[in-house]
Amino acid sequence: MTNSLRPSARHPAPLPPLSEPPGPVEPADGVPTPRTRRSDPPAAAPTPPNPGGPAKQRDPFFDNAKYLAIVLVAMGHAWEPLTDQSRTATALYLFVYTFHMPAFILISGYFSRGFDMSPARVRKLLTTVVAPYIVFEVAYTFFKRWADDDPGHRLSLLDPWYLTWFLIALFAWRISTPLWKVVRWPVPVALGIAALASASPSIGDDFDLQRVLQFLPFFVIGLYARPEHFQLVRRREVRLLSVPLVAAALLVAWWAAPRMETGWLYHSNSAQEMGAPWWTGPVMTFALFGCSLALTACFLAWVPRRHTWFTVLGAGTLCGYLLHGFLAKGSRFWGWYDAAWLHEPYGQVFVTLVAGVAITLMCTPPVRGALRFALEPRLRWAMRRDATDVARGRARDAR
């Protein structure tokens, strides 16, 4: 959701992401959101046309899901230093890490269905994914050099550090979208690729390719998800069924806390790099895939469908995701967890509340607006103008 995102012998890694990642792109034109039905009657008084194009209404369900997931991400990062001395913290950590990343990736895949390599889509991908990756990779590098007194930590855009791996992974997944649209059995193929990657130590660390491949099935599921699938998991029967399922998952996490290596949930190393035989990788891939998908459905079943006080924060989850990394890492660098009382039950509750409040503030519109230059830069100086945009500009000038 240790001091790094890699679960190798060096140190385990947190997972996040979803405004773009962990906040995905807008739905494709003509595709109804899960709150929209094609059979709905037209409104009695239609809204006036928008001269800049039709306005796309956000579905509060997805904004709520993104906000709640990013809160779990922040809490997971806050619990990580407590896992050495608390079985409860370890169990909650394992439980949350099983599904929060798959949920983000699945939603990202759902909103990537309209990606078609058109110039407009590619420009948006560059400005909302690649540019933030470069900016925050540089920022995290200098932050580590200063806060951790590590002048030798070098900048490498090929080796994402800490939270930035999700941005480069989202870029790779989205670029591959046209390929998955023509594959006959996309989910089994993606799952097979993930299983093979888990047994291939030669893949290396460049661009965190292990994570890109091992998390790929969840993105592909999102690509092929339809509004009725989200309606299904939000039915009352599914919600009731999720209660005993979550309770069972918590019991399993409690049992596994002293026995399971948390690195399996990060999907950033092969089985051999985890010190296990090669065949363990595919077995764990399939087992965790089933658990993650089931708990993701349970999570989505309890996400509110209506507008709430935190719905507006769903558009700022990328901002909160990238910013809270400085707080999460800084707390380790500066020894905040050295205080013994933080490892007591009331201290763990305090840490959880602080993480929730901090990530909430980081997702607010004022913070997002202040960082728009880094999260959504226009980069007009680096982009060719689309022929359609040029023609529209000439038409406006002629009028």
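Taking region 147-179 only, how many residues are part of a helix (DSSP H, G or I) and small (Gly, Ala, Ser)? Total satisfying the criteria: 3. The residues in region 324-343 that are aliphatic (A, V, I, L, M) and buried (at least 22 other Cβ atoms within 10 Å of the Cβ) can be counted, and the count is 1.
So which of ALA271, ALA276, ALA287 ends up being closer than 23 Å to ALA247 by Cα and out of contact with any Asp or Glu (no Cβ under 7 Å at 6 or more places or on another chain)? The match here is ALA287.
Condition check: more than 20 Å from the chain's Cα centre (by Cα) and either of a type in the set (Ser, Thr, Tyr) or at pLDDT 95 or above (or both). Does SER156 satisfy that? So SER156 fits the description; yes. Within region 325-372, being of a type in the set (Phe, Trp, Tyr) and in contact with a His (Cβ under 9 Å, 6 or more places away or on another chain) holds for one residue alone: TYR337. Per the conditions (1) within 25 Å of THR83 (Cα to Cα); (2) buried (at least 16 other Cβ atoms within 10 Å of the Cβ), the sole criterion not satisfied by VAL233 is (1).
Restricting attention to region 194-214, which residues are surrounded by 17 or more Cβ atoms within 10 Å (Cβ to Cβ) and in a helix (DSSP H, G or I)? Listed by number, the residues that qualify are ALA194, ALA195, ALA197, ILE203, PHE207, ASP208, LEU209, GLN210, ARG211, VAL212, LEU213, GLN214.
Per-residue answers, yes or no, for (1) closer than 25 Å to GLN214 by Cα; (2) assigned to a helix (DSSP H, G or I); (3) out of contact with any Asp or Glu (no Cβ under 6 Å at 6 or more places or on another chain):
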| residue | (1), (2), (3) |
| --- | --- |
| THR98 | yes, yes, yes |
| ILE105 | yes, yes, yes |
| GLY114 | yes, no, yes |
| MET117 | yes, no, yes |
| ALA120 | no, yes, yes |
| THR128 | yes, yes, no |
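Considered as a group, the residues in region 144-193 that are aliphatic (A, V, I, L, M) and within 15 Å of TYR224 (Cβ to Cβ) include one that is surrounded by the most Cβ atoms within 10 Å (Cβ to Cβ), and that residue is ALA190. Could you tell me which residue of region 303-319 is surrounded by the fewest Cβ atoms within 10 Å (Cβ to Cβ), considering only residues that are more than 16 Å from the chain's Cα centre (by Cα) and not in a loop (DSSP other than H, G, I, E, B)? Within region 303-319, the match that is surrounded by the fewest Cβ atoms within 10 Å (Cβ to Cβ) is VAL312.
Can you tell me which residues in region 249-295 are in a helix (DSSP H, G or I), buried (at least 17 other Cβ atoms within 10 Å of the Cβ) and of a type in the set (Phe, Trp, Tyr)? Correct list: TRP264, PHE289.
The values are calculated or read from the model by the stated rules, or taken from the named source; none is laboratory data. Predicted model only: the values in this text are computed from it and were never measured. Reconstructed Cβ throughout: ideal geometry from the backbone, glycine too, with neighbour counts over all protein chains shown.
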